[in-house]
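The values are calculated or read from the model by the stated rules, or taken from the named source; none is laboratory data. All of these numbers come straight from a predicted model, not from anything done at the bench. A quick note on method: Cβ atoms are made from the backbone with ideal geometry, for glycine too, and the neighbour counts reach across all protein chains shown.
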Amino acid sequence: MISLDNVCKTYHEGRENEVRAVREVSLEIGADRTTVIRGPSGSGKTSLLTLIGCLSRPSSGRIRLGGEIISGLPEKFMTGIRRQTFGFIFQRFNLIRGITVLENVMLPAYPLGTDHAALKARAGELLEMLEIPGKAAMNAEQLSGGEAQRVAIARALINDPQMVIADEPTANLDTRLTMQFLDIVRTLRGQGKTMLMTSHDPRIWSADMVDTIITMEDGRVTAVEAADRS
Ligand code: ADP
Ligand code: MG
């Protein structure tokens, strides 16, 4: 689905505080599978996710989506691809305070101009699928951590993306909520979504639905392995 060809991301290029966060990464991320990127803090996992999800551009190298080069496209096209293709679950969930759960879920769909009633119905269905329909009218800041994550997942799904990208999705969850998160991942895979996550949580990379594990160290991909199911 996505291929990276010699992709680099350097922050503050040419300056004293230059950081080479992603270095010469060439990779294929397959569709219809669950891929986990692991590696220590600071190894470039989040930077790589943002490149793949069209949230940032590589400093050099190419990214293709379904064979088409997307890394050099003008901003307008990148934004369009991002909205149609990817749903994001951010590490800190990034819910907007002061508006309701339902409004949070609907937010990424506003730029697409979907009919409001249809959108509201879809948001409601997603909250139901995630077993939190009773929270729709609450404000985001009133939720528990596990509930906030489910709202973040619903929001990631509102535009029916092909790929769901989650950055350290279980970093703030206890074991019970982690297992529930993995059940949701299983459901999404069952619905045909491609899943891409970062994690340094062994509970994630040892989970049975993980197909591929990518290891990063110091900005480089040092291993790509098929998950061990023995
Ligand atoms: P990880 O997700 O594996 O912890 P990151 O991709 O967040 O790694 O960070 C990789 C390196 O890039 C780190 O040294 C980090 O400080 C740096 N970095 C990340 N984002 C930025 C940014 N926006 N500006 C400058 N440096 C950044
Ligand atoms: Mg990170």
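May I ask you to list the residues in segment 149-162 that are surrounded by fewer than 21 Cβ atoms within 10 Å (Cβ to Cβ) and either aliphatic (A, V, I, L, M) or in a helix (DSSP H, G or I) (or both)? Lay out the reasoning, then the answer.
Start the filter on segment 149-162 by keeping residues that are surrounded by fewer than 21 Cβ atoms within 10 Å (Cβ to Cβ), which leaves 159-162.
Across segment 149-162, there are no qualifying residues.
Would you point out the residue of segment 96-143, among those that are under 20 Å from Val185 (Cα atoms) and part of a loop (DSSP other than H, G, I, E, B), that is nearest to the chain's Cα centre (by Cα)? Before the answer, list the steps.
Residues of segment 96-143 under 20 Å from Val185 (Cα atoms): 105, 122-133.
In the following step, the residues that additionally are part of a loop (DSSP other than H, G, I, E, B) were identified as 130-132.
Values: Leu130: 17, Glu131: 21, Ile132: 21 Å.
Taking the candidates together, the pick is Leu130.
Going through Thr175, Thr170 one at a time, which residue ends up being hydroxyl-bearing (Ser, Thr, Tyr), buried (at least 17 other Cβ atoms within 10 Å of the Cβ) and more than 24 Å from Ser26 (Cα to Cα)?
One residue alone meets the criteria, Thr170.
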Self-check item: Test set (1) crowded, with 22+ Cβ neighbours inside 10 Å; (2) touching a Pro at 6+ places or on another chain (Cβ under 9 Å); (3) of a type in the set (Val, Ile, Thr) - Ile165 fails condition number
Solution: (2)
Practice problem: Report, by residue number, each residue of segment 194-221 that is more than 16 Å from ligand 2 (Cβ to nearest atom) and closer than 21 Å to Met1 by Cα. | Solution: Thr194, Met195, Met209, Val210, Asp211, Thr212, Ile213
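Filter segment 30-45 down to residues that are within 16 Å of ligand 2 (Cβ to nearest atom) and either surrounded by fewer than 17 Cβ atoms within 10 Å (Cβ to Cβ) or at positive phi (or both), then give me how many there are. If you could, list the steps in order and put the result at the bottom.
Looking only at segment 30-45, we keep the residues that are within 16 Å of ligand 2 (Cβ to nearest atom), and these are 35-45.
This time we only want the ones that are either surrounded by fewer than 17 Cβ atoms within 10 Å (Cβ to Cβ) or at positive phi (or both), so: 39-42, 44.
Total meeting the criteria: 5.
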Quiz item: Of the residues Leu48, Leu65, Leu55, which is in contact with a Ser or Thr (Cβ under 9 Å, 6 or more places away or on another chain) and either within 16 Å of ligand 2 (Cβ to nearest atom) or at positive phi (or both)?
Solution: Leu48
Practice problem: State which residue is nearest to Ile214 (Cα to Cα) when the search covers only segment 30-64 and only residues that are among the aliphatic types (A, V, I, L, M) and modelled with pLDDT under 95. | Solution: Ala31
Exercise. Report, ordered by the first and then the second residue, all pairs with beta carbons closer than 7 Å, sequence separation of six or more or different chains, a first member in segment 102-128 that is over 21 Å from Leu143 (Cα atoms), and a second member that is surrounded by fewer than 18 Cβ atoms within 10 Å (Cβ to Cβ).
Key: Pro111/Arg83; Leu112/Arg83
Self-check item: Any pair with Cβ under 6 angstrom, 6 or more apart, that starts in segment 34-46 at a residue that is among the hydroxyl-bearing types (Ser, Thr, Tyr) and ends at one that is more than 9 Å from ligand 2 (Cβ to nearest atom) and in a strand (DSSP E or B)
Solution: Thr34/Met195; Thr35/Ile29; Thr35/Leu196; Thr35/Thr212; Ser43/Met216; Ser43/Glu217
Quiz item: Does Leu4 satisfy the condition of being within 13 Å of ligand 1 (Cβ to nearest atom), within 21 Å of Val164 (Cα to Cα), modelled with pLDDT of 95 or more and not in a loop (DSSP other than H, G, I, E, B)?
Solution: no
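Quick one: in segment 79-92, of everything that is under 16 Å from the mean Cα position of the chain (by Cα) and more than 16 Å from ligand 1 (Cβ to nearest atom), which residue is surrounded by the fewest Cβ atoms within 10 Å (Cβ to Cβ)?
Residues of segment 79-92 that are under 16 Å from the mean Cα position of the chain (by Cα), as a first pass: 79, 81-92.
Filter once more, so that each one left must be more than 16 Å from ligand 1 (Cβ to nearest atom): 79, 81-87.
Values: Thr79: 14, Ile81: 16, Arg82: 18, Arg83: 16, Gln84: 12, Thr85: 20, Phe86: 23, Gly87: 25.
Filtering first and then ranking leaves Gln84.
Suppose we filter segment 191-214 for residues that are assigned to a strand (DSSP E or B), more than 24 Å from Glu18 (Cβ to Cβ) and either modelled with pLDDT under 95 or β-branched (Val, Ile, Thr) (or both); how many remain? Even if it seems obvious, please write down each step before you answer.
Keep residues of segment 191-214 that are assigned to a strand (DSSP E or B), which gives 194-198, 212-214.
Remaining after also requiring more than 24 Å from Glu18 (Cβ to Cβ): 194-197, 212-214.
Keeping just the survivors that are either modelled with pLDDT under 95 or β-branched (Val, Ile, Thr) (or both) gives 194, 212-214.
Looking only at that region, the number is 4.
Please verify whether segment 55-69 includes one or more residues that are part of a loop (DSSP other than H, G, I, E, B), closer than 18 Å to Glu225 by Cβ and not hydrophobic (A, V, I, L, M, F, W, C). Steps first, please.
Applying the first criterion (part of a loop (DSSP other than H, G, I, E, B)) to segment 55-69 yields 55-59, 66-67.
Then keep just the ones that are closer than 18 Å to Glu225 by Cβ; that gives none.
Within segment 55-69, not a single residue is part of a loop (DSSP other than H, G, I, E, B), closer than 18 Å to Glu225 by Cβ and not hydrophobic (A, V, I, L, M, F, W, C).
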